[in-house]
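Here is the structure we will look at.
The values are calculated or read from the model by the stated rules, or taken from the named source; none is laboratory data. If you're wondering where the values come from, they're calculated on a predicted model, not measured in any experiment. We place every Cβ from the backbone using ideal geometry, glycine too, and count neighbours over all the protein chains shown.
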Amino acid sequence: MKIITEVKIIENLPLSQIEPAGDENIFLIKMELKSGYADSKPGQFVNVYLNNQSKLLPRPISIYDHYDNVIELLYAVTGEGTAELSTYKNNQTIRISSPLGNGFDLYSEDIKKIVLVGGGMGIAPLHYLAKSIHKQESVSGFEDVKAVFGFNGQPFLLNEIKKYTSRTVVCSENPQKSIIECVKGNVLDGFAEIELENSSLFCCGPSPMLKAVSIYSQNINNINLQVSLEERMGCGFGVCVGCTVKLKSNSDENCDKHEIIQKKVCKDGPVFAGNEVIWND
Amino acid sequence: MIDLSVNIGGIRWNNPITTASGTFSPFDSKELYDYSKLGAVTTKGVSIVPWIGNETPRIAEASSGMLNAVGLENPGVDSYLNNDIPFLTESLVGAECKIITNVAGHSEDDYIKAVTKLNTCDHINMLEINVSCPNISQGGMSFGTDSKAVFKLTDKLKKETDKPLIIKLTPNVTDICEIAVAAEEAGADAISLINTLSAMRIDIEKAKSVLANTKGGLSGPAVKPVALRMVYDVSNVVNIPIIGMGGISSGNDAVEFFMAGASAIAVGTAALITPDAPIRILKELEEYMNVHNYKKIDDIPAI
């Protein structure tokens, strides 16, 4: 049964206290889980329930890391809920759900060389994915994981991700000499540094970026793409039908007529095949 | 021994708690709690043809509440009868839980066609008519804001089915008692209220409404005082049973609604936030009755 459980906060720090030039509005929270907490897959998220119950809705946040009895979430302070979350102290308790959503699929597709494509906060689930793949080195095709990450502001947590990737191309409007393989522009510019043919792309970030990567990848040979979407959610469990996304039921690119089906980002997703998503303009 | 059973429109419910339409899914809720223990389950509004609902974002937060503009996305009556009902009846084997099908429509004809089809299904115990829908065939005003429209619709639907009819009222009216009386006079077997309050939220950075549909419906604890007042008012003008709902999050909240005149209650938003809310509220209600030595729901005094 999907459950809501109380967890204890071990650490709740802004990046400014974790790494040099770290953003003071992006936080990494580590929480201690009770025994019996469900396993999770990279790409899944948890609902975070705020202690101030007038903030009724849970905040769905991707899992940044999950090991032993610890779960880590990366979040930016963008509204009232995340602002409140950022004030919680060590040893305070908070309620979260068990892991939700489908997660990235590493098995059913014909998984080739892996390229992680992230934009800003989108690197959160990709960190968990990279670490998880790294642990499975013996599985063919998983030895060589590359990443292309774009940032609007200061790049963050690169040292963490680089533990698990063979190359990490960082894209920024203001490239920094101190960062190895930093190119000017966005992730599409970063793709020029990497051979994308015969790759499996795992992508998370702002919608315009996901759309751009999806369109770009359609012109590359033998590539498949999984995108992690986000949408304003109600329950997060698939009951309220608040978070739907429109998909093509027939993802044959040669077919003009697509029947449109709607799926729930919280339960059928948040990960979908990039070529199935009908992108907003 | 406490007897929690109630009789709503001739149908016996084991206990007076049902799910509020739109907050319960036979398939998805099954993983969250054992809904077979409830007096009844009310399913999401179903229409004669599939509705795709509104554009997203469909959800926004309000202080102690939520706004939704889901737009009654549903797979249509045929799919409901072929998929939801078999799954539901399977899930309820051995339980006393009753099935209430909520019906939506954009014209009288829509409702009539839907009710006619649903009438053929023996597993459905009651029908709840959602009159908050805009009457698109008549200019778009919601049925439920016009007592004559509610009377006409109820009267016509009563002729299409022997199943008890619950008319679910919208609170977005000047005088909810007038609407309730019209429903009763037309032959409604019960009344449920309230549906959501018309509301909105604005994103001040983007300078536009948060909901793609601009407006939505407010539900949750924020509406409870309004819902309670409306149940109280309506209970003073009709004799048929009232199913009260609006922000019920605890057994104590439920008791308030019984005291206001409700015969049964529905749990909605609370179940979206804490999935086991309907079951927890049932337990809390039972505890309240124990403590006050009430043996049956009728023992709870109406004010």
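From the residues in region B:69-97 that are within 18 Å of the chain's Cα centre (by Cα) and among the acidic types (Asp, Glu), which one is nearest to B:Thr43 (Cα to Cα)?
Checking each candidate, the answer is B:Asp84.
Could you list all residues from region B:40-73 that are within 21 Å of A:Ile260 (Cβ to Cβ), at the interface with another protein chain (Cβ under 7 Å from one of its Cβ atoms) and either in contact (Cβ under 8 Å) with a residue 40 or more places away in the chain or surrounded by 23 or more Cβ atoms within 10 Å (Cβ to Cβ) (or both)?
B:Thr56, B:Pro57, B:Arg58, B:Ile59, B:Val70
Within region B:97-135, count every residue that is closer than 17 Å to B:Gly9 by Cα, in a loop (DSSP other than H, G, I, E, B) and touching a Phe, Trp or Tyr at 6+ places or on another chain (Cβ under 8 Å).
So the answer is 1.
Is it the case, given these coordinates, that A:Tyr37 is farther than 28 Å from B:Ser63 by Cα, in contact (Cβ under 8 Å) with a residue 24 or more places away in the chain, among the aromatic types (Phe, Trp, Tyr) and touching a helix residue (DSSP H, G or I) at 6+ places or on another chain (Cβ under 9 Å)?
No: the conditions fail for A:Tyr37.
When you check A:Phe104 against the structure, is it touching a strand residue (DSSP E or B) at 6+ places or on another chain (Cβ under 8 Å), among the aromatic types (Phe, Trp, Tyr) and not in a strand (DSSP E or B), yes or no? Can you show your working first?
Working: touching a strand residue (DSSP E or B) at 6+ places or on another chain (Cβ under 8 Å): yes; among the aromatic types (Phe, Trp, Tyr): yes; not in a strand (DSSP E or B): yes.
The answer is yes for A:Phe104.
From the set of residues in region B:264-303 that are of a type in the set (Ser, Thr, Tyr) and in a loop (DSSP other than H, G, I, E, B), which is farthest from the other protein chains (Cβ to nearest Cβ)?
Per the stated criteria, the residue is B:Tyr294.
So which strands (runs of 3 or more DSSP E) stay within region A:12-70 end to end and still have 2 or more residues that are surrounded by fewer than 19 Cβ atoms within 10 Å (Cβ to Cβ)? Steps first, please.
Numbers: elements: A:26-32, A:45-49, A:59-67.
Once the strands (runs of 3 or more DSSP E) in region A:12-70 are filtered for at least 2 residues that are surrounded by fewer than 19 Cβ atoms within 10 Å (Cβ to Cβ), what remains is A:26-32.
Name the residue that is nearest to B:Ala186 (Cα to Cα), counting only residues in region B:143-174 that are out of contact with any strand residue (DSSP E or B) (no Cβ under 9 Å at 6 or more places or on another chain) and of a type in the set (Ser, Thr, Tyr).
My answer is B:Ser147.
May I ask you to verify whether B:Ser47 is touching a strand residue (DSSP E or B) at 6+ places or on another chain (Cβ under 9 Å), more than 30 Å from A:Asn52 (Cβ to Cβ) and hydroxyl-bearing (Ser, Thr, Tyr)?
yes
Only one residue in A:Gln17, A:Gln53 is free of Cβ contacts under 8 Å to residues at least 40 places away in the same chain, of a type outside the set (A, V, I, L, M, F, W, C) and either touching a Pro at 6+ places or on another chain (Cβ under 7 Å) or within 14 Å of another protein chain (Cβ to nearest Cβ) (or both). Which one? Let's see the steps before the verdict.
Values: A:Gln17 fails: either touching a Pro at 6+ places or on another chain (Cβ under 7 Å) or within 14 Å of another protein chain (Cβ to nearest Cβ) (or both).
On inspection, the qualifying residue turns out to be A:Gln53.
Any residue that is in a helix (DSSP H, G or I) and farther than 30 Å from B:Met1 by Cβ - is there at least one of those in region B:27-36? Walk me through how you get there before you give the answer.
The initial filter retains those residues of region B:27-36 that are in a helix (DSSP H, G or I), namely B:27-30, B:35-36.
From what is left, the residues that are farther than 30 Å from B:Met1 by Cβ are B:27-28.
There is at least one residue in region B:27-36 that is in a helix (DSSP H, G or I) and farther than 30 Å from B:Met1 by Cβ.
I need the full set of residues from region B:236-256 which are hydrophobic (A, V, I, L, M, F, W, C) and surrounded by 24 or more Cβ atoms within 10 Å (Cβ to Cβ), in order please.
Of everything in region B:236-256, those that are hydrophobic (A, V, I, L, M, F, W, C) and surrounded by 24 or more Cβ atoms within 10 Å (Cβ to Cβ) turn out to be B:Ile242, B:Ile243, B:Met245, B:Ile248, B:Ala254.
With respect to B:Val238, is the statement that it is more than 14 Å from every other protein chain (Cβ to nearest Cβ), closer than 15 Å to B:Val6 by Cα and of a type in the set (A, V, I, L, M) true?
So B:Val238 does not fit the description; no.
Output the strands (runs of 3 or more DSSP E) that fall wholly within region A:171-271 and possess 2 or more residues being within 14 Å of chain B (Cβ to nearest Cβ) and at pLDDT 95 or above, or say none.
A:244-248, A:260-264
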